[in-house]
Amino acid sequence: MLHRRQFLKLGGATAFATLFGGCDKMQRTLIPFVIPPENTTLGEALWYASVCGQCPAGCGIVVRVSEGRAKKIEGNPRHPVNRGRLCARGQAALQALYHPERLSRPMKLSGTRGSGTYAPISWEEALSLLMVPLKKVQAEAPASLLMLTEPMRGHAGLVAGRFMKAFGSKHRVAWDPFGADAMLSANAAIHGIRDLPEHDLANARYLLSFSGDFLETGISPVHYARAYGRMRGDRETIRGKFVHFGPRLSMTAAAADLFLPCTPGTEGIVALGIAHVMVRDRLTAASAVAGRLADDLSAYPPEAVERLTGVHAHDIAAVAEEFARNQPGIAIPGTGAATGPDGAFHCAGVALLNALAGNAGKPGGVSFPNRALAFARYGSEAALLAPAPESGYAAMRDAIDKMRGGAFRIAILSGATNPAFTLPPSLKFSEALSKVPFIAAFASFLDETTSQADLVLPVPTALEAWGDDLAPVGHSGAVTLCQPVVVPFHDTRSMPDVLIAAAGELGGKPAKALPWGSFKECLDKAYGGPGGQMEIALQRGGFFGESSSQRSGARTGTVAFPKGTERPIDGDPKAFPLALHLYPSVTLYDGRGANLPWLQEMPDPVTTAVWRNWVEVNPKTAAGLGLSEGDGVTVTSPSGKITAHVTFNPGIAPDVAAMPLGQGHTRYGKTANGRGENPFALLPAGETYALQATRVSLTKTKLPTRLVRFAHPEGQWKISNLM
Amino acid sequence: MEIKWAMAIDLDRCTGCGACVVACVAENNIPVVGEAEVEKGRLMQWIRVARYWEGEYPEAQAVYLPVPCMQCERAPCETVCPVYATYHNEDGLNAMVYNRCVGTRYCANNCPYSVRVFNWFDHVWEKPLDEQLSPDLTTRSRGVMEKCTFCIQRIRRAKETAAEEGREIRDGEAVPACVQTCPPGALLFGNVADPHSEIARKLKDPRRFRLMEHLGTEPRVVYLKRQKGAGR
């Protein structure tokens with residue numbers, strides 16, 4: 001295996017071994033094939049295993065590399081999360097790697113701040129530009145360093161966390177617009193564990209989804225889509241039944257046997273109605289839990305629930321009975337339920353059904369595999385490597401206040417979550433950020449956030465970097481390894497590498513906290529390095545099968561009855577008649593995929609629209625407003641106003657307008673810019689982070705653009721023949 | 001062993017996610033045409049996920065129907081090509097010789113499934129996006145018709161590996177990119193001539209149907225209807 005090691009060393013060397021030195025010599029020996037490297041045969045492709053970096057699900061990938069260039073990404077068949085499968089977004093990572101607008105070298109601001117005009121500089125100059133203020137701040141006021149990233153996992157998180165601690169600043173903020181805050185606190189209340197559950201769909205007989213988006217976005221779409229397929233078709237005599245409650249017929253809802261529309265923001269009440277029937281009719285397996293909750297649940301008889309949610313009482317009773325009689329069954333909350341102003345209540349109501357059904361810890365039920373176990377040797381630092389997937393909204397608001405107050409002298413930005421795009425504009429993130437005297441951004445692309453930086457440091461994409469990862473669900477305790485599958489295409493250095501080098505320069509505590517020469521060395525030390533276990537793990541993609549994968553039965557003794565806080569959503573129903581339902585785009589996720597042409601041109605599953613965003617309304621609602629398919633409208637909320645094109649969704653509640661997130665970029669390159677407006681702009685800046693937080697009105701507006709949909713070149717076939 | 005490739009599409013498993021579409025684009029060097037060209041019906045994707053609405057609120061339903069080339073046994077596109085650019089190959093696939101194509105578009109006109117796409121332009125891959133292009137197949141030039149090939153390059157690769165090792169090709173060894181990636185496992189591919197293959201078993205399912213069977217095109221893509229109810 002010596003040859004492989006040499007190749008990897010060679011590949012990694014440009015970014016890692018010679019951080020402050022020139023790396024030209026290394027490249028010169030690698031690129032021309034006069035004496036080809038041992039592992040490269042012209043015309044023969046090789047497959048390398050790594051981790052997908054396109055969303056936080058952490059799927060394992062294998063990349064086909066031909067003559068040093070990545071050609072195709074497929075799922076890693078050995079990986080416990082996705083078993084060889086991969087979604088559209090994951091496969092499009094190739095376009096990020098070879099994107100024409102990718103940042104190829106360090107740049108410093110040459111125009112005014114925010115103008116987006118930069119001058120290329122060398123890495124030596126870039127690092128000295130970073131080190132001068134860092135040294136000054138460390139000596140004078142170390143707490144005025146802010147690090148604002150996407151959630152980081154594995155040793156990259158350890159490096160960042162240790163760096164900030166040793167530097168003397170506790171202002172490390174991780175922002176994720178689809179963070180699972182509500183689900184975490186719901187699980188803490190119901191199951192006594194503040195973590196994400198693992199839903200074993202494959203072995204379930206009955207699946208209840210509450211605005212679930214587990215097949216399209218959610219926490220781990222490929223993992224759950226594969227399990228869903230198995231639930232439907234892999235057992236000889238059982239086909240799991242799937243019932244979906246929610247305000248909109250989404251891609252996931254379309255897969256359901258029964259779609260029962262409910263008023264937006266009432267998912268938890270429907271769940272409690274079902275729980276009421278289960279307890280009333282003595283249908284629960286967990287009778288101890290049921291006995292304790294009987295009083296609280298008496299407030300949710302199906303008739304009362306019908307009035308609040310619009311779901312018929314007989315439907316609730318029928319579903320409750322089916323759910324109870326077809327165990328194991330699972331109730332799963334989705335982004336739509338979790339991101340309402342009262343998300344924790346809705347998620348807790350749903351989790352309560354799992355507790356009542358007594359399926360926790362059983363096959364076909366929910367379980368809570370111990371994620372921190374994989375990193376238990378780090379003790380209290382394990383949380384840096386396997387953090388709970390929170391949005392970080394509270395910390396973000398706090399950071400914005402402090403930025404505005406001038407508390408920070410340096411901001412280090414990193415990651416794809418792009419707060420200037422994904423936060424409600426009324427928080428005035430960009431304005432607050434501009435108060436920070438020095439901003440350095442680690443990035444692959446200029447976007448709304450990074451284009452405000454003074455110094456831009458280009459990073460390798462997930463296909464060119466070292467790293468390790470632990471997926472939020474479906475990991476079975478397995479740590480996945482991330483390796484450069486191609487020689488870095490540009491002159492990039494990863495953030496952990498730069499932090500390690502910077503710590504070395506700073507000396508003292510930071511140097512002691514990060515005692516490695518490079519990030520690769522840090523990983524080598526952690527995983528046995530070349531010649532050890534790590535080498536085999538790199539070939540397979542990670543440490544699969546060696547770690548424990550036993551289910552930890554969730555504790556249900558501490559069940560706290562979910563209490564609604566009755567936080568109303570923004571906007572007077574008279575002036576703003578429609579509830580706004582925002583959902584992550586199947587293709588663009590939170591907007592990070594908007595600069596990739598493959599994703600822009602992939603028709604949306606529900607609307608078949610391409611290249612632009614839209615607002616979905618019920619055809620009858622549209623008729624009442626005098627709107628027809630494709631018309632331009634102004635969508636107005638109490639907090640903002642944007643334009644979009646109308647498209648019909650016959651399965652959306654009549655009092656709802658739904659919009660996908662992800663479009664509406666202004667500074668994310670020519671593929672992303674000018675494709676409609678950003679729906680995040682309609683959101684109020686509430687106490688808690690909520691996407692389903694406002695009502696809107698629609699008024700017809702003439703737009704210069706058209707919504708293009710790719711529908712039925714074959715003409716109309718008869719659907720009754722398909723079912 | 002005789003080979004008869006076939007694909008099964010289980011509509012009970014399909015979620016409409018579109019992973020197959022991007023897998024195909026990545027595997028087969030399919031160009032991106034942009035919004036204006038899509039509007040003219042010139043999207044180049046070889047597989048589409050058609051979406052059908054049924055019923056009205058609150059009983060509305062959507063059904064997804066992935067449509068690749070049906071690889072018809074009696075293909076209407078083959079008989080109308082004046083230059084024999086589209087032909088039937090030894091495995092029963094409906095193949096294209098790009099170099100022969102003169103762009104009459106008769107084949108697309110005669111295809112009842114509308115799965116053929118035409119190169120109205122010489123498409124360009126802005127540098128360095130062209131680094132991704134697969135070396136296994138060409139990019140097609142202006143005036144040439146193209147369509148799904150069941151990833152013939154992947155089938156050939158599997159055949160070559162099998163031949164090198166002096167054995168028959170194994171079930172599941174050759175799969176098109178869309179089948180390989182399908183997250184819920186709705187797509188299945190294999191040799192129906194092999195009675196022990198998974199697809200041969202799958203095609204005995206009473207839910208099976210073919211698109212526009214009455215036309216007598218004998219498609220090699222077989223659909224399995226969506227199921228209703230909990231049990232089997």
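What follows is calculated from the coordinates using simple rules that are stated; it is not laboratory data. Keep in mind the model is a prediction, meaning the values are calculated, not measured. Every residue, glycine as well, gets a Cβ built from its backbone with ideal geometry; the counts of neighbours run over all protein chains shown.
Values for this structure:
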read-out: Total formal charge among the other residues, if their Cβ is under 9 angstrom from that of A:Ser637, Lys/Arg +1 and Asp/Glu -1; value: +1
read-out: Average beta carbon contacts from partner chains per residue of A:702-710, 10 Å cutoff; value: 3
read-out: Inter-probe distance in nm under a simple model that places probes 7 Å from Cα toward Cβ, at A:Ser104 and A:Ser434; value: 3.2 nm
read-out: Furthest towards positive pole of dipole, A:Leu297, A:Pro654, A:Ala374, structure part chain A, Cβ charges; value: A:Ala374
read-out: Percent of C-alpha pairs per 5 Å bin, the stretch A:578-709, short to long; value: 2, 11, 22, 25, 22, 12, 5, 1
read-out: Under the span-like rule (Cα at least 30 Å along the axis, Kyte-Doolittle mean at least 1.6), DSSP H helices of chain A; value: none
read-out: DSSP beta bridges in the protein assembly as shown [antiparallel fraction, %, rounded to 5]; value: 60 percent
read-out: Descending semi-axes in whole angstrom, ellipsoid equivalent of the stretch A:357-427, from the Cα gyration tensor; value: 35, 18, 11
read-out: Cα gyration tensor shape of the stretch B:168-209, rounded if a/c is under 1.5, else prolate or oblate by comparing a/b with b/c; value: oblate
read-out: Dipole axis of the protein assembly as shown (+1 Lys, Arg; -1 Asp, Glu on Cβ), positive-most option in A:Pro562, B:Ala62, A:Thr671; value: A:Thr671
read-out: Viscosity 1.567 mPa s, temperature 4 °C, Stokes-Einstein D of the stretch A:299-427 from Kirkwood C-alpha radius, µm²/s; value: 68 µm²/s
read-out: Hydrodynamic radius by Kirkwood, which averages 1/r over all alpha carbon pairs of the protein assembly as shown, in angstrom; value: 28.8 Å
read-out: Simple spin-label estimate for B:Glu2 and B:Lys204 in nanometres, 7 Å along Cα-Cβ; value: 1.8 nm
read-out: Förster radius 60 Å - calculated FRET efficiency between B:Leu137 and A:Glu125 (Cβ-Cβ, nearest 0.05); value: 0.85
read-out: Antiparallel content of DSSP bridges confined to the stretch A:606-658, in %, to 5; value: 60 percent
read-out: Placed amide H near A:Ala579: partners under 5 Å, 5+ positions off or other chain; value: A:Val656, A:Ala657, A:Val696
read-out: For the stretch B:27-141, projected area of the alpha-carbon convex hull averaged over all directions, nm²; value: 9.9 nm²
read-out: Rg/Rg_ref, chain B, where Rg_ref = 2.2 N^0.38 Å and atoms are Cα; value: 1.04
read-out: Rg [Å, one decimal], Dmax [Å, integer] - the stretch A:181-367, C-alpha atoms; value: 14.7, 43
read-out: 222 nm mean residue ellipticity, helices alone, for chain A (DSSP H n ≥ 4; -39,500 (n - 2.57); rounded to 500); value: -8500 deg cm²/dmol
read-out: Hits among lysines - C-alpha to C-alpha of B:Lys202 under 22 Å, sequence gap 8 or more where chains match; value: A:Lys241, B:Lys4, B:Lys225, B:Lys228
read-out: Net charge, A:Ala139 excluded, C-beta distance under 14 Å - Lys, Arg +1, Asp, Glu -1; value: +2
read-out: Interatomic Cα distance distribution for the stretch A:497-538, bins of 5 angstrom, percent; value: 6, 26, 25, 15, 12, 10, 5, 0
read-out: Separation of the A:Ala376 and A:Arg325 label points, Cα + 7 Å toward Cβ, nm; value: 4.4 nm
read-out: Only Lys, Arg (+1) and Asp, Glu (-1) charged, at Cβ; the protein assembly as shown dipole about Cα centre in debye; value: 480 debye
read-out: Rounded Å value of the spacing that divides the Cα centres of the stretch A:234-263 and the stretch A:444-458; value: 42 Å
read-out: Ellipticity estimate at 222 nm from DSSP helix runs (n ≥ 4, -39,500 (n - 2.57)) divided over chain B, nearest 500; value: -5000 deg cm²/dmol
read-out: Residues A:Ser426 and A:Thr565, FRET efficiency given R0 of 30 Å [Cβ-Cβ distance, rounded to 0.05]; value: 0.90
read-out: Charge-dipole axis of the protein assembly as shown as Lys and Arg at +1 and Asp and Glu at -1 on Cβ define it, positive-most pick from A:Ala313, A:Leu134, B:Phe189; value: A:Leu134
read-out: Ranked packing of A:147-156, A:679-688, most packed first, by mean Cβ within 10 Å; value: A:147-156, A:679-688
read-out: Of all DSSP beta bridges in the stretch A:181-367, antiparallel share, percent nearest 5; value: 10 percent
read-out: Amide H contacts under 5 Å for A:Val51, placed H, 5+ residues apart; value: A:Ile61, A:Gln483
read-out: Convex hull volume per residue in cubic angstrom - Cα atoms of the stretch A:364-517; value: 168 Å³
read-out: Net charge over other residues, Cβ less than 10 angstrom from the Cβ of A:Phe438 (K, R count +1; D, E count -1); value: +1
read-out: Compactness index (Cα Rg / 2.2 N^0.38 Å), the stretch B:181-232; value: 1.26
read-out: For chain B, built as a Gaussian network whose Cα springs stay under 10 Å, the top-fluctuating residue of B:Glu126, B:Glu198, B:Glu56; value: B:Glu56
read-out: Cα-based Rg of the stretch A:391-456 normalised by 2.2 N^0.38 Å, two decimals; value: 1.01
